[in-house]
Amino acid sequence: LLLHAGNAWLVAHLARQLDARGPWPLLAALCFAVHPATIGPAMWLSDRFDLLATGFVLLALSSCISACRGAASRGPTLLFAFLAAGSKESAIVLLPMLAVLLVFAPGRDRSWRAKFLALVVVAMAPLFAARLFVVHRVDAALGAGNPFETIAHGSLAWLRQFPQAIFGGGTGWPA
């Protein structure tokens, strides 16, 4: 629960860094805190990797803004990106988020931003490669074969269960 509250605070902090004024940072944090998609990981200890990945992604975005403004070095962003990638594969969302942020954030020149994004990719790539290798090794031991097929199969299974999570009851999409 403390990790979830910390992530909600990070959402408000990030909104403030993006120049949100008035009640908007608090409203953003409140929406994050009570949204049904974020409640599950807060309630289940076994889902703490979701909370950690979210926290590290938010910290990486926040430290990236500080680095763009010249208030901090690139080091914290790289560390948080590495930790996010180590927490869960869904941290890959950090890369497009940082790309958009680096396009619109005030501060440094274009070449500095491009190098910064490349450094983040380099920081995250070894962990994603290691996870892919592990998934491939496990699948090979189980006779599943291609790791991309496993990922596609898991994604399709998730999509089949998505309506049940949203609409409740049933076993799939409503008729």
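The values are calculated or read from the model by the stated rules, or taken from the named source; none is laboratory data. Please read these numbers as outputs of a predicted model, since none were measured by experiment. Here the Cβ positions follow ideal geometry from the backbone for every residue, glycine too, while neighbour counts run over all protein chains shown. Ligands, DNA and RNA are excluded from the accessible area calculation, which covers all protein heavy atoms including side chains. Shrake-Rupley method; radii C 1.70, N 1.55, O 1.52, S 1.80 Å.
Arranged from highest to lowest average of other beta-carbon atoms within 10 Å per residue, in what order do the peptides 111-121, 49-59, 19-29, 88-98 appear?
49-59, 88-98, 111-121, 19-29
Hey, what's region 1-131 come to in accessible area per residue, 1.4 Å probe, Å²?
55
Sequence-distant or interchain residues sharing an amide H contact under 5 Å with residue 107, placed H: which?
Sorted by chain and number, the residues that satisfy this come to none at all.
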